[in-house]
Amino acid sequence: MEEDIVITLVREARKDFPRMGAKKLLIYLKPSLAAMDISMGRDAFIELLYRNFMLVRRERNKRKTTFSSHWMHKYPNLIVGYIPLLPNQLWVSDITYVEAGNSGVAYLSLITDACSHKVVGWNLSRNLRSSGTLSALKMALRSLTGKQQFRLIHHSDRGSQYCCRDYVELLTRHNIRISMTESGDPRENAIAERINGILKTEWLYDYKPDSWQTMIDYTSKIIDLYNHHRPHQSIGYMVPEMIHQTGLKTERKWKNYYHVPNGSQYMEKEAVKK
């Protein structure tokens, strides 16, 4: 029976994507379904998952990882209304906490390309020291070729990890322009916040590692799955690695936030690039 085959495929896919949403899961499974000459629409697929108790419930949690009340120099926001047209024009950075089982709490530093949505650098640390963010930045820099960094902007919040001397000097040495949020509003770093949320809600919330090395290995695995296999709505349901390597133009939709004249609030504008 076709429905039994679909359920079997879903169970297999859930091993790598335990909390992926139904719409993206259907897109991910389409090649396998087509190979078996099975056609199923989105609504029928969601109904099938619902009847078999296979829809996932999203969880939200928040812990403060940004300390911005420090003496170090803070940089202006250079990306208000800015839409990168190619990879390696804008990197966005953030730190999020994750539960690490017996190891307690860990802190995941991520650097994501804003055009392709590929995670280009990451580090998992036991603390919030700048060494974690520096390691993520060094990984991202190793991915650059030629003179790509000369047109690159690095955007982050105003946390001490991003304002510290070593981090700023490394960016400056590579001729990368520095941009930072100017308020506590997470929409000023929306793409980075979104990537954090995907990794946590789709993989990390339910994961209970038995050691620190297991946690590092699992983090590496899910970032690889995110970059190479997970469809992403903002880039036309393609995968980040494909966009990052080819610069392929797709229909993209994401939200930009523009300051209104008095600076007291934001106007939300839907940006569509073809």
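The values are calculated or read from the model by the stated rules, or taken from the named source; none is laboratory data. Small disclaimer: the values here were computed from a predicted structure and weren't measured. Counting neighbours? That spans all protein chains shown, and the Cβs are built from the backbone with ideal geometry, glycine included.
Would you pick out the residues in the range 144-165 that are closer than 24 Å to residue 241 by Cα and either among the aromatic types (Phe, Trp, Tyr) or in contact (Cβ under 8 Å) with a residue 40 or more places away in the chain (or both)?
Residues of the range 144-165 that are closer than 24 Å to residue 241 by Cα, as a first pass: 144-156.
Correct list: 144, 148, 149, 150, 151, 152, 153, 154, 155, 156.
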Please state which one of 179, 264, 220, 183 is modelled with pLDDT of 90 or more, assigned by TED's automatic domain parsing to the domain that holds residue 132 and either outside any helix (DSSP H, G or I) or of a type in the set (A, V, I, L, M) (or both).
-> 179
Subset tally (residues that are part of a helix (DSSP H, G or I) and either within 19 Å of the chain's Cα centre (by Cα) or among the β-branched types (Val, Ile, Thr) (or both)) for the range 9-21 | 1
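Yes/no matrix, rows are residues, columns are (1) assigned by TED's automatic domain parsing to the domain that holds residue 248; (2) modelled with pLDDT under 85; (3) hydrophobic (A, V, I, L, M, F, W, C); (4) not in a loop (DSSP other than H, G, I, E, B):
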site	(1), (2), (3), (4)
28	no, no, no, yes
31	no, no, no, yes
34	no, no, yes, yes
68	no, yes, no, no
72	no, yes, yes, no
77	no, no, no, no
80	no, no, yes, no
102	yes, yes, no, yes
116	yes, no, no, no
